[in-house]
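**Student:** Supplied in structure tokens, the structure appears directly below.
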Amino acid sequence: MKKMQKNIVLTVTSLTALSLVLSACGSGNTGTSPAATGAASTSSAAPKKNVTFSIGYATGDPASKQAMADAVAAFTKANPNIKINDLSEGGMASYLDWLKTKDAVNEFPDLVEMRDTQLFSEAGKIAELPAEWLGLFSDAPKLNGKNWTAPIAGTAPQGIIYSKKAYADAGITSEPKTYDEFLAIQEKLKAKGITPLTFGGKDIFHWGFWVNKYLMDDVFADDPNWNSKRTKGQASFTDAGPSQAMKDFSELFTKGYVDKGFLSTADNQTSSMLVTGKAAQLFSGPWMFSQISQADSKFEFGWYPVPDRKGRIVVNGLNTLQGWSISTKANQDADKKAAITEFVKFFFSKDQYTKFMKSVNGIPTTKETITYDSGPQMKRVLEVMNDPKTIKSLQINSFWGDNQMPPQWRNWFYKLAQEWLTKGDFSVDYLKKADAEWDANVKANTAGK
């Protein structure tokens with residue numbers, strides 16, 4: 001492996017090319033972007049209007065939550081005429097359910113981190129992005145020919161974050177080259193009395209990590225249009241690929257590789273489980289690196305992708321439609337729209353965006369080159385993502401257009417997985433239920449349009 005410089009320069013020419021690490025544009029010295037020259041030139045001539053807008057973003061990951069809050073605080077300090085009402089909050093509800101609740105009580109955020117873009121764009125809740133936002137990015141995926149989101153970060157891959165001490169104690173000296181070697185590592189850890197894996201099963205979103213790893217390996221890496229075939233009745237969860245995926249997923253638990261308290265472990269507790277030696281590994285992404293280092297600055301850990309049964313490296317790494325969106329209502333309010341635009345420019349300005357990216361070990365999406373100090377774990381991530389042999393895919397819920405998954409199906413399926421793991425009776429009958437629920441959701445969604 002070639003020696004990599006500690007100070008990594010990441011240039012995003014295309015998110016699919018994935019020169020990783022969140023980037024930005026403009027200067028953070030005044031709290032406004034150089035792109036906002038029009039506003040800056042008139043600020044001395046007339047007092048700025050007082051404006052308030054609301055913001056909402058996912059709070060499941062502590063590092064991202066804090067980085068978002070820091071960005072909001074820095075912006076409002078630099079722009080005292082603009083007040084941001086932060087509606088974001090934690091809790092057990094999924095982010096999608098939280099947004100639906102906010103919409104139901106007429107509190108849908110003016111600026112919102114959008115993950116289910118097709119759902120909310122078709123419902124008329126978000127507006128097409130202002131043209132001046134698009135100039136900030138090297139690539140912003142489109143839905144129905146329109147841009148709906150300003151990509152906050154490039155898609156980050158997930159892999160095994162492992163304790164170097166635990167691996168040494170179990171006699172593990174190298175990364176697995178095959179899936180069988182990965183399973184052998186789990187057996188070696190068990191034999192030494194070390195719990196192989198921690199799992200944040202208390203948080204519904206965490207279930208998607210492993211579930212999607214296996215679905216990408218056995219389904220989407222070979223057929224990215226599988227979702228549309230499922231919708232048309234041309235594919236089934238009982239088919240060989242999805243069946244193998246869920247069998248492998250289930251065996252992580254039935255073979256005793258996952259900590260028995262997984263249902264009561266929150267995602268934000270997994271880093272503690274790792275550094276205190278209660279588990280040797282965590283399957284997650286680079287956003288966890290800073291949390292682990294903060295929990296114990298002396299803790300030594302590594303990261304690697306898990307090979308599939310064919311020896312391939314398949315990761316979550318293609319562009320998605322996720323990012324900042326402006327609500328339809330806010331877009332119709334000239335003052336709010338202008339204030340939100342100033343925040344977006346500030347968020348992606350070079351100084352601010354670099355801080356954000358460093359906090360979350362992010363992958364940049366802006367045109368401007370970003371440089372920040374990176375540890376060996378992030379360098380390994382970059383190496384994998386820049387390897388032409390790496391197969392980049394999407395999670396089942398991240399496809400759009402004809403390949404969109406019924407939005408309500410995802411969390412329902414994660415709960416179904418909880419059911420069969422709790423009962424210990426995984427069988428094809430559960431996969432038949434998955435087909436039936438998918439079909440019912442598609443029918444309901446079509447009727448509701």
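**Student:** Can you list the HN-Hα couplings for region 109-122, worked out from phi with the Karplus curve (6.51, -1.76, 1.60; θ = phi - 60°), rounded to whole Hz and with x for Gly and Pro?
**Tutor:** With the stated coefficients, region 109-122 comes to x, 5, 10, 9, 6, 9, 10, 9, 5, 4, 4, 7, 6, 5 Hz.
**Student:** If you don't mind, there's one more thing I want to ask. Taking H as built 1.01 Å from N, whose amide H comes closer than 5 Å to the amide H of Trp324, not counting residues under 5 places away?
**Tutor:** Hits under the 5 Å cutoff: Met114, Ala150, Ile152.
**Student:** Right, here's the next one. Could you give each residue of region 420-435 its phi-based ³J(HN,Hα) in whole Hz, using Karplus coefficients 6.51, -1.76, 1.60 with θ = phi - 60°, and x for Gly or Pro?
**Tutor:** Using θ = phi - 60°, the values come out as 6, 6, 5, 7, x, 10, 4, 7, 4, 4, 5, 6, 5, 5, 4, 4 Hz.
**Student:** Would you work out the charge dipole size for the chain about its Cα centre, treating the Cβ of every Lys and Arg as +1 and the Cβ of every Asp and Glu as -1, and quote it to the nearest 20 debye?
**Tutor:** Numbers: 52 positive and 47 negative charges, 121 e Å.
Around 580 debye, computed over the chain.
**Student:** Under 5 Å between amide hydrogens, which residues at least 5 positions from Ser393 or on another chain qualify, with H placed 1.01 Å from N in the peptide plane?
**Tutor:** Under 5 Å from the amide H of Ser393: Val315, Asn316, Gly317, Leu318.
**Student:** Which entries in the list Lys48/Lys100; Lys65/Lys190; Lys260/Lys433 go over 31 Å, if you measure between the two C-alpha atoms of each? Mind showing how you got there, number by number?
**Tutor:** Details: Lys48/Lys100 34 Å; Lys65/Lys190 34 Å; Lys260/Lys433 26 Å.
In this structure, Lys48/Lys100; Lys65/Lys190 exceed 31 Å between Cα atoms.
**Student:** What shape does region 283-405 have by the C-alpha gyration tensor, where a ≥ b ≥ c are the square roots of the eigenvalues, rounded means a/c under 1.5, and otherwise prolate means a/b greater than b/c and oblate the rest? All intermediate terms of the calculation are to be shown ahead of the outcome.
**Tutor:** Numbers: a/c = 2.40, a/b = 1.37, b/c = 1.75.
Oblate, because a/c is 1.5 or more while a/b does not exceed b/c.
**Student:** Then there's this: Tell me, what % of the accessible area of the chain is carbon and sulfur with a 1.4 angstrom probe? Walk me through the numbers on the way to the answer.
**Tutor:** On the way: 9470 of 19070 Å².
Roughly 50 percent of what the probe reaches on the chain is carbon or sulfur.
**Student:** Along the charge dipole of the chain, which of Pro286, Phe426, Pro307 sits closest to the positive end, that is, farthest toward it, with unit charges on the beta carbon of Lys, Arg, Asp and Glu (+1, +1, -1, -1)?
**Tutor:** Pro286
**Student:** Right, next: For the cross-link pairs Lys146/Lys213; Lys142/Lys449; Lys213/Lys247, which exceed 18 Å when the distance is taken from alpha carbon to alpha carbon? Provide the component values of the computation, followed by the final result.
**Tutor:** Values: Lys146/Lys213 29 Å; Lys142/Lys449 21 Å; Lys213/Lys247 12 Å.
Distance filter (> 18 Å) returns Lys146/Lys213; Lys142/Lys449.
**Student:** Can you compute the label reach from Lys202? Point 7 Å from Cα along the Cβ direction, backbone N cut-off under 15 Å, restricted to region 263-295.
**Tutor:** Once the point is set 7 Å along Cα→Cβ of Lys202, 263-274 turn out to lie under 15 Å by backbone N, inside region 263-295.
**Student:** Strictly over 31 Å apart at the Cα level, which of Lys49/Lys102; Lys125/Lys432; Lys278/Lys423 would you flag in this model? Each step should come with its number before you reach the end.
**Tutor:** Numbers: Lys49/Lys102 27 Å; Lys125/Lys432 34 Å; Lys278/Lys423 25 Å.
Correct reply: Lys125/Lys432.
**Student:** How much net charge surrounds Asn81 when only other residues with a Cβ under 11 Å from its Cβ are counted (Lys, Arg +1; Asp, Glu -1)? Mind showing how you got there, number by number?
**Tutor:** On the way: positive: Lys48, Lys49, Lys83; negative: Asp335, Glu342.
Taking every other residue near Asn81 into account, the sum is +1.
**Student:** Another one. Hey, how many Å between the Cα centroid of region 311-379 and the Cα centroid of region 280-300?
**Tutor:** Centre-to-centre distance over Cα atoms comes out at 22 Å.
**Student:** Tell me, in nm to one decimal, what length is gained between Lys260 and Glu300 on full extension, where the rule is 0.36 nm per residue of separation less the Cα-Cα distance? Write down the numbers at each step before the final one.
**Tutor:** Details: separation 40, 0.36 × 40 = 14.40 nm, distance 2.45 nm.
So the extension gain works out to 12.0 nm.
**Student:** For every other residue with a beta carbon closer than 15 angstrom to the beta carbon of Lys310, add +1 if it is Lys or Arg and -1 if Asp or Glu, then tell me the sum.
**Tutor:** It works out to a net charge of -3.
**Student:** Express the accessible area of the chain per residue in Å², computed with a 1.4 Å probe while the remaining protein chains stay in the model. Please report the intermediate quantities before stating the final value.
**Tutor:** Working: 19070 Å² over 449 residues.
Solvent-accessible surface per residue comes out at 42 Å².
**Student:** Give me the angle, in degrees from 0 to 90, between the Cα long axis of helix 350-360 and the longest principal axis of the Cα atoms of the chain, rounded to the nearest 10.
**Tutor:** 20 degrees
**Student:** Starting from the 7 Å offset along Cα-to-Cβ, what nm value, one decimal, do you get for the label separation of Asn386 and Lys77?
**Tutor:** Distance between the two pseudo-spin positions: 3.4 nm.
**Student:** Placing +1 on the Cβ of each Lys and Arg and -1 on the Cβ of each Asp and Glu in the chain, which of Ser325, Asn50, Gln234 has its Cα farthest towards the positive end of the resulting dipole?
**Tutor:** It is Asn50.
**Student:** Each residue of region 320-336 in order: what ³J(HN,Hα) in whole Hz does its phi give by Karplus 6.51 cos²θ - 1.76 cosθ + 1.60, θ = phi - 60°, with x for Gly and Pro?
**Tutor:** Here the 3J(HN,Hα) series is 10, 8, 7, x, 6, 10, 9, 5, 4, 5, 5, 5, 8, 9, 4, 5, 5 Hz.
**Student:** Okay, next question. Could you tell me how many degrees, from 0 to 90 and to the nearest 10, lie between the Cα long axis of helix 179-191 and the main elongation axis, the longest principal axis, of the Cα atoms of the chain?
**Tutor:** It works out to around 70 degrees.
**Student:** Turning to a different aspect of this structure: So, with +1 on the Cβ of K and R and -1 on the Cβ of D and E, and no other charges, what is the size of the charge dipole of region 349-449 about its Cα centre, to the nearest 20 debye? Intermediate results must be reported in sequence, preceding the final value.
**Tutor:** Numbers: 15 positive and 12 negative charges, 52 e Å.
The calculation lands at about 240 debye.
**Student:** Mind giving me the FRET efficiency for Ala191 and Glu107? R0 is 51 Å, r the Cβ-Cβ distance, nearest 0.05 is fine. If you can, show how the numbers build up before the last one.
**Tutor:** Values: r = 53 Å, r/R0 = 1.04.
Taking R0 as 51 Å, the efficiency between Ala191 and Glu107 is 0.45.
**Student:** Figure the gain on full extension for Ala168 and Asp222 (residue separation times 0.36 nm, minus the Cα-Cα span) and round it to one decimal in nm. Walk me through the numbers on the way to the answer.
**Tutor:** Working: separation 54, 0.36 × 54 = 19.44 nm, distance 3.56 nm.
Gain on stretching Ala168 to Asp222: 15.9 nm.
**Student:** I'd like the FRET efficiency for Gln332 and Lys310, computed as 1/(1 + (r/R0)^6) with the beta carbon distance as r and R0 of 45 Å, rounded to 0.05. Display every interim value, and only then the final one.
**Tutor:** On the way: r = 51 Å, r/R0 = 1.13.
Plugging the Cβ-Cβ distance into 1/(1 + (r/R0)^6) gives 0.30.
The values are calculated or read from the model by the stated rules, or taken from the named source; none is laboratory data. In this text the structure is predicted, and so the values were computed from the model without any measurement. Neighbour counts run over all protein chains shown; Cβ positions are idealised from the backbone, glycine included. Heavy atoms of the whole protein, side chains included, go into the accessibility calculation; ligands, DNA and RNA do not. Shrake-Rupley method; radii C 1.70, N 1.55, O 1.52, S 1.80 Å.
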